[in-house]
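S.K.: Here you go, one structure.
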């Protein structure tokens, strides 16, 4: 038995040595990982906080009001996305004029005294007072505001250069990066909180929203304060929180610096924003809409109405699908709106559209959105329920040819043509996709329709082409949109 035992020992020796080698390598790897983790986060954020604190300011506003007012914010009262800011007293009060004060935050972006904050922090204020980290206080005047992004630019006059902070590139921020939020929470004075970037490219309710979500503590009074990266650069302006109780639960939103810088530059130069304007109404392509147009992809923006303006002058038509703008591919409507808005007013750009399956290049000279909005006179006329007679039941819709009587009852233009929806089956796909009594269908299969016969012809053509859905252009109170309805087998 002894020789056998010796033989086994010789065979096991290399294995034991190999095991020891692996254990040594594993121990080394664990030590290196711990060192790297320790180096990934500074031992203390104090040096960075000391560096950037002098640029952060408290903002006190004063307003003369006729009666007590409720919270003023970027979202309706009672919403979980309530505005972070406003410490105005609530409850019963005298109707006589009185002066109301509120608090917020901001930060200095230049040594000559330009200060950035939220628009809702200073909106309606008669007086604005800036308190610096040193305790010095200076009055400020409003240079310009942009309610669409909730950004305001202020200016203080001083003989001494002020400490300021630069903007960073918010597009370089990654989910998981460390960030610092600074401001004046609940009126407690200068305060610092730390966290990470929880998500990016969040949209709340605005057309130009591009929020960084963070779990760094943000509370009322932090509105307008900066969100810093670890290089001491501002990558966001703290604007809103998601909370059931009005306090921080770790879901805060900061408007991305790459949006803010464009707004601030325009406010500084012009005192107002100057966004590019194409002059179209658009909607996203869904799978069924893409199928209705005979497309394999949902990328692009579907034009459902071309208004008087740049796009119409450039030759764009209803039903065009914008797939490229100024050399950049268009993924969806949100991306297109932001790209157009960021383009210089008066610039001539190449726009590529798909029209009846063909690619067409248009040259469009951009207008200014703010001018167009001032010129538009909107009317929100609620359509009355369309009466009988019923002339056709199809695709879950009851349709009737427009008559003068129907036009008058629905407050439509005298020359409006199409088929009016008099009823919708609430179990049908049409109801699910938002069609209602009073809607007017003006196109089917990208062809105008004025009679039931026109609709029948379009239905037959679409079925003969082997398509599974019918594309309709629907107007409600003058607003157009495309809807694709599946065809019955």
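Each reported figure results from applying straightforward, stated rules to the coordinates on display, with no laboratory input. Every value quoted in this text rests on a predicted model; they were computed, and no experiment measured them. Because the Cβ atoms are built from the backbone with ideal geometry, glycine has one as well, and the counts that use them run over all protein chains shown.
S.K.: Just to compare against my own numbers: the Cα pair-distance distribution for the range 252-312, 10 Å bins, whole % per bin, please.
M.R.: That works out to 19, 25, 31, 20, 5, in percent per bin.
S.K.: Based on the alpha-carbon set only, what is the convex hull volume of the range 276-375 divided per residue, in Å³? Display every interim value, and only then the final one.
M.R.: Working: hull volume 8.5 nm³, N = 100.
Measuring per residue, one finds 85 Å³ for the Cα hull of the range 276-375.
S.K.: So what is the relative contact order of the range 392-486, in percent, for Cα pairs below 8 Å that sit 6 or more residues apart?
M.R.: 24
S.K.: Using the basic label-point model (7 angstrom from Cα toward the beta carbon), what is the residue 464 to residue 287 distance in nanometres?
M.R.: 2.9
S.K.: If you don't mind, there's one more thing I want to ask. Give the shape of the range 170-270 as rounded, prolate or oblate, defined through the alpha-carbon gyration tensor: a ≥ b ≥ c are the square roots of its eigenvalues, a/c under 1.5 means rounded, and otherwise the shape is prolate if a/b is larger than b/c and oblate if not.
M.R.: It is rounded, given that a/c, with a ≥ b ≥ c, falls under 1.5.
S.K.: How many nm separate the modelled label positions at residue 359 and residue 101, each set 7 Å beyond the Cα in the direction of the Cβ?
M.R.: 6.3
S.K.: Same structure again: Using alpha-carbon pairs under 8 Å, 6+ residues apart, how would you state the relative contact order of the range 103-189 in percent? Before the final figure, lay out the partial values.
M.R.: Values: 126 pairs, mean separation 30.8, N = 87.
Result for the range 103-189 is 35 percent.
S.K.: I want to make sure I understand the PRE zone here: with the label point 7 angstrom from the Cα of residue 186 toward its beta carbon, which residues in the range 104-135 have backbone N atoms less than 18 Å away?
M.R.: Within reach of a label on residue 186, which here means backbone N under 18 Å from a point 7 Å along Cα→Cβ, the range 104-135 contributes 104-105.
S.K.: Pulled fully out, how much extra length does the chain show between residue 196 and residue 171, if you take 0.36 nm times their separation in residues and subtract their Cα-Cα distance?
M.R.: 7.5 nm
S.K.: Continuing with this model, one more query. Using a 10 Å cut-off around each Cβ, can you sort 235, 128, 196 from fewest to most neighbouring Cβ atoms?
M.R.: 196, 128, 235
S.K.: If each residue's Cβ is checked for other Cβ atoms within 10 Å, how do 150, 209 rank with the fewest at the top? Could you put the intermediate results ahead of the total?
M.R.: Values: 150 28, 209 21.
The fewest-first ordering by Cβ neighbours comes to 209, 150.
S.K.: Please order 333, 117, 403, 61 by the number of other Cβ within 10 Å, starting at the fewest.
M.R.: Least crowded to most crowded, the residues run 403, 333, 61, 117.
S.K.: To the nearest 0.05, how large is the calculated FRET efficiency for residue 414 and residue 328 if R₀ is 30 Å and r is the Cβ-Cβ distance?
M.R.: Values: r = 42 Å, r/R0 = 1.41.
Approximately 0.10, to the nearest 0.05.
S.K.: Let me ask another. So if we plug the beta-carbon distance of residue 428 and residue 157 into 1/(1 + (r/R0)^6) with R0 = 56 Å, what FRET efficiency do we get, rounded to 0.05?
M.R.: Approximately 0.30, to the nearest 0.05.
S.K.: Express in nm, to one decimal, how much length is gained between residue 272 and residue 44 on full extension, taking 0.36 nm for each residue of separation and deducting their alpha carbon distance.
M.R.: 78.0 nm
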